[in-house]
């Protein structure tokens, strides 16, 4: 299962079938990830900067576990069980997303600090 399927089930009540449904699901997914990135950027000043990549990975995996608990709470039967491959790839992907998010935010912070 890919993220567009996950978002499509939340938005459409089923997996996206057409190209426009896939584009819509992926677009909403990117906006949602942007909002999560902004949330991480807002809480980052309150977290000591030591080991920021680890904290990004923890944020990404925490978001993943939170999002994957929603099918149980909302009783979405198609999402209740996923294969081991899907679970492992989503866990690795969410950790990498969190690391990339922390790295980019730290890079931007350093760049802004140098320009001042």
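The numbers here are math on the coordinates, done by the rules we state, and not lab data. A quick note: this is a predicted structure, and the numbers were derived from the prediction, not measured. Note that each Cβ is placed from the backbone with ideal geometry, even for glycine, and that neighbours are counted across all protein chains shown.
A compact table of results
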| item | result |
| --- | --- |
| 222 nm mean residue ellipticity, helices alone, for the chain (DSSP H n ≥ 4; -39,500 (n - 2.57); rounded to 500) | -27500 deg cm²/dmol |
| Value of relative contact order over the chain, rounded to a whole percent, pairs C-alpha under 8 Å and six or more apart | 28 percent |
| Relative intensity, log₁₀ I(q)/I(0), of the chain from a Debye sum that treats every alpha carbon as a point, q = 0.09 Å⁻¹ | -0.29 |
| Residue 110/residue 14 FRET efficiency (R0 41 Å; Cβ-Cβ; nearest 0.05) | 0.40 |
| Extended-chain gain in nm, criterion 0.36 nm per residue less alpha-carbon gap, residue 83 and residue 70 | 3.0 nm |
| Segment 21-80 shape via C-alpha gyration tensor axes, a/c threshold 1.5 | oblate |
| Highest-MSF residue in the chain out of 88, 63, 28 [GNM, Cα springs under 10 Å] | 88 |
| Crossing angle, helix 52-74 versus the chain [Cα axis fit, 0-90 degrees, rounded to tens] | 20 degrees |
| Protection proxy ranking of 50-57, 68-75, 95-102 - average other beta-carbon atoms within 10 Å, highest first | 95-102, 50-57, 68-75 |
| Helix axis angle, 3-12 relative to the chain longest principal axis, alpha carbon, degrees | 60 degrees |
